[in-house]
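One structure is given here, and the rest of the page talks about it.
Please treat every number below as a calculation from the coordinates, not as lab data. Note that the structure is predicted; figures quoted are calculated from it, not measured. Don't worry about glycine lacking a Cβ; one is built from the backbone with ideal geometry, like all the others, and counts go over all protein chains shown.
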Amino acid sequence: MANGRTPKDSLATEKLLRAAETLFAQHGIEKASLRDITALAGVNVASVNYHFGSKDVLVEAVFASLAERVNDARSRALDELCASARERGDVASVEEIVQVFLHPYLAPNEQTHGELLAQFLLLNRMSPSPITTKIMEQHFDPMARKFISALGDALPGTTLKTLYWRYNFMATTVFMSVTDKARDSRVARLSGGIADPANRKELEAELIAYVAAAMRGPAPVAKQRPQRQRQT
């Protein structure tokens with residue numbers, strides 16, 4: 001093969017990616033050991049260094065693979081939503097757009113990988129690398145612009161600048177909320193358990209209502225400095 005890789009190499013790489021994704025989702029990125037990953041993949045520990053070089057590079061490869069799959073599906077869902085609205089002579093509502101954005105993180109059949117993707121995104125926020133920045137630019141920025149455009153159609157009185165700010169606030173709120181699911185969840189503790197992010201349907205409903213209300217909020221008003229009175 002031109003790149004020196006054999007079909008056997010490609011199969012081992014794919015096995016490692018799938019095993020790592022499964023264990024990262026089950027145990028978290030930090031707690032999943034290379035020994036566990038290689039055992040699940042059915043390869044030896046040295047395979048990680050051979051195919052990826054390190055666990056950090058494997059993490060980045062899983063992030064890229066997951067981001068591409070999830071965001072391609074999410075972009076198609078947004079396109080279908082907007083096309084359906086146009087056929088009715090309408091535009092997609094803010095709530096519908098937010099629901100599409102949330103879907104990978106909270107849908108029962110997508111939830112595990114969606115939560116893992118949110119972990120990757122938070123990790124990138126705290127400790128970005130050139131590779132994760134490239135993944136964001138390639139797989140998240142085009143999707144973000146599509147959502148901002150759809151939100152602009154739903155909120156024609158909102159400036160583009162404000163839409164960018166509010167999209168960023170929406171994304172951050174969602175990432176923080178969907179990863180707060182441990183037994184020591186802060187909101188569950190504060191509320192005595194009546195607000196529990198483990199109830200994903202309730203979390204989705206609250207997030208949609210909260211984000212939609214924020215999107216529709218008034219634009220900030222620039223404060224004017226009081227004019228100093230001239231002494232006479």
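Loop-only trypsin sites (Lys or Arg not before Pro) in segment 69-145, please: DSSP not H, G, I, E or B, and at most 11 other Cβ atoms within 10 Å. Taking segment 69-145 and a limit of 11 other Cβ atoms within 10 Å, the loop trypsin sites (Lys or Arg not before Pro) found are 88. Rounded to the nearest 10 degrees, the inclination of helix 111-126 to the longest alpha-carbon principal axis of the chain is 70 degrees.
Structure shown: which of 31/134; 31/181; 134/161 lie over 19 Å apart, alpha-carbon to alpha-carbon?
Going by Cα-Cα distance, 31/134; 134/161 fall outside the 19 Å limit.
Each Lys and Arg adds +1 at its Cβ and each Asp and Glu adds -1 at its Cβ; summed about the Cα centre, segment 8-53 shows a dipole of about 100 debye.
Angle, helix 7-27 long axis vs. longest principal axis of the chain, Cα atoms, 0 to 90°, nearest 10? Roughly 50 degrees, rounded to the nearest 10.
Measuring nothing but how far apart in sequence close Cα pairs (under 8 Å, 6+ apart) lie, relative to its length, segment 56-215 scores a relative contact order of 27 percent.
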